[in-house]
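Everything on this sheet refers to the single structure shown next.
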Amino acid sequence: MIKLGIAGVCGRMGRRIFELASHEKDLEVTLALERKGTPMIGKDLGRLKISSSPDGLFLIDVFVDFTTAEGTEMNLDYVARYKKAAVIGTTGLNDEQLKKIEEVSKIIPIVFSPNMSIGINTLFATLPEIAKRLGPNYNIEIVEAHHKAKKDAPSGTAKKMAQILADATARQIPTHAVRLGDIVGDHTVIFCGNSERIEIKHQAHSRDLFALGALKAARWVFGKPPGLYSMQDVLK
């Protein structure tokens, strides 16, 4: 049985991760964490009470964090202190916060990915080959769309796609962000030549695909040696 701690358990992603984990026989949520000042602190969530104390990490095996850049930065201090494995899906991190993840991964194993979807991570692995086969005569741009409450734009997934394609082509890849309604997440990579256009599109129909990917990563990272891992490692 792998014991999980979930940060931001009252948020959209945190709640769904909690709900799905609660139905898994090999997983047990033993820490439901929220930031101080949240009205839900102290209230029941299943058999747990929602807590604001990261010191509860001593109860867990793997910590799952889909919160905010600032929240993740603070939580890293606690996972390092208690030497617990972590799965981090937070986006919008600055260079200093990304460096902190790298530093903490020398102490504990961390799976860090801007998108835990199996489909998106398959796309990450495929894009460089497509770009190289099409060659320099094809322009490449990325369009992504999310719900209007999403703070970071472009999304972490779009940035990752752009970086992968930039590394493969030695070109800057323009990225466009749309924030409308309740869109879960759409990402389109457009390859355009003089006489044809190729569009590769991934649409998230629900947050379940991210939550299920996070649980897959939690199972995989448990017992691993310290290091910074990606979903590519998990899927291999």
Residue that is nearest to Leu212 (Cα to Cα) [pool: residues in region 18-44 that are in a strand (DSSP E or B) and not β-branched (Val, Ile, Thr)]
Leu27
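Take the residues in region 177-193 that are among the aliphatic types (A, V, I, L, M) and surrounded by 12 or more Cβ atoms within 10 Å (Cβ to Cβ); name whichever of them is nearest to Asn115 (Cα to Cα). Spell out how you get there, then give the answer.
Step one: list which residues in region 177-193 are among the aliphatic types (A, V, I, L, M), which gives 177-178, 180, 183-184, 189-190.
Cutting the leftovers down to surrounded by 12 or more Cβ atoms within 10 Å (Cβ to Cβ) gives us 177-178, 183-184, 189-190.
Working: Ala177: 16, Val178: 18, Ile183: 15, Val184: 12, Val189: 16, Ile190: 20 Å.
Among those that are among the aliphatic types (A, V, I, L, M) and surrounded by 12 or more Cβ atoms within 10 Å (Cβ to Cβ), it is Val184.
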Quick test of your reading of the structure: Lys100 fulfils all but one of (1) surrounded by 18 or more Cβ atoms within 10 Å (Cβ to Cβ); (2) in contact with a helix residue (DSSP H, G or I) (Cβ under 8 Å, 6 or more places away or on another chain). Name the failing condition by number.
(1)
Kindly establish whether Asn115 is buried (at least 21 other Cβ atoms within 10 Å of the Cβ) and of a type in the set (S, T, N, Q).
yes
Give me the residue from region 213-227 that is in contact with a Ser or Thr (Cβ under 9 Å, 6 or more places away or on another chain) and surrounded by fewer than 17 Cβ atoms within 10 Å (Cβ to Cβ) and, out of that set, farthest from Lys83 (Cα to Cα).
Gly227
Which ones in region 36-68 are buried (at least 17 other Cβ atoms within 10 Å of the Cβ) and within 21 Å of Ile101 (Cα to Cα)?
Pro54, Gly56, Leu57, Ile60, Asp61, Val62, Phe63, Val64, Asp65, Phe66, Thr67, Thr68
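Listed here are the residues, each with its yes/no results for (1) among the acidic types (Asp, Glu); (2) assigned to a helix (DSSP H, G or I).
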site	(1), (2)
Met116	no, no
Ile120	no, yes
Glu129	yes, yes
Glu141	yes, no
Lys150	no, no
Lys160	no, yes
Ala166	no, yes
Result of the Cβ filter at 9 Å on region 224-236, keeping first residues that are within 14 Å of Leu123 (Cβ to Cβ) and partners that are part of a helix (DSSP H, G or I) and polar (S, T, N, Q), at least 6 apart or interchain, is Ser230/Asn121; Met231/Asn121; Gln232/Asn121; Leu235/Asn121; Leu235/Thr122
Among the numbered criteria (1) surrounded by 12 or more Cβ atoms within 10 Å (Cβ to Cβ); (2) farther than 22 Å from Leu76 by Cα, which one does Glu196 miss?
(1)
Among the candidates Val29, Val87, Val9, which residue alone is in contact (Cβ under 8 Å) with a residue 60 or more places away in the chain and either crowded, with 18+ Cβ neighbours inside 10 Å or under 19 Å from the mean Cα position of the chain (by Cα) (or both)?
Val87
Every residue in region 185-210 that is outside any strand (DSSP E or B) and under 20 Å from the mean Cα position of the chain (by Cα), please.
Gly185, Ala204, His205, Ser206, Arg207, Asp208, Leu209, Phe210
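Just to check your reading of the model, which residue among Val189, Val184 is in contact with a helix residue (DSSP H, G or I) (Cβ under 8 Å, 6 or more places away or on another chain) and of a type in the set (A, V, I, L, M, F, W, C)? Reasoning before the result, please.
Numbers: Val184 fails: in contact with a helix residue (DSSP H, G or I) (Cβ under 8 Å, 6 or more places away or on another chain).
None of the others qualify; the one that does is Val189.
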Assuming Phe18 fulfils every condition listed in (1) under 21 Å from Ala149 (Cβ atoms); (2) modelled with pLDDT under 95 apart from one, which condition is it?
(2)
Does Gln172 fit the bill of being part of a loop (DSSP other than H, G, I, E, B) and at pLDDT 95 or above?
yes
Please verify whether Gly92 is surrounded by fewer than 21 Cβ atoms within 10 Å (Cβ to Cβ) and not in a helix (DSSP H, G or I), treating the condition exactly as stated.
yes
Contacts under 9 angstrom Cβ, first residue in region 93-115 being farther than 25 Å from Arg207 by Cα and touching a residue at least 40 places away in the same chain (Cβ under 8 Å), partner of a type in the set (Ser, Thr, Tyr) and not in a loop (DSSP other than H, G, I, E, B), 6 or more apart:
Ser105/Tyr229; Ile108/Tyr82
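The values are calculated or read from the model by the stated rules, or taken from the named source; none is laboratory data. Because the structure is predicted, anything quoted here is derived from the model rather than measured. Quick reminder, even Gly has a Cβ in these numbers, built from the backbone with ideal geometry, and neighbours come from all protein chains shown.
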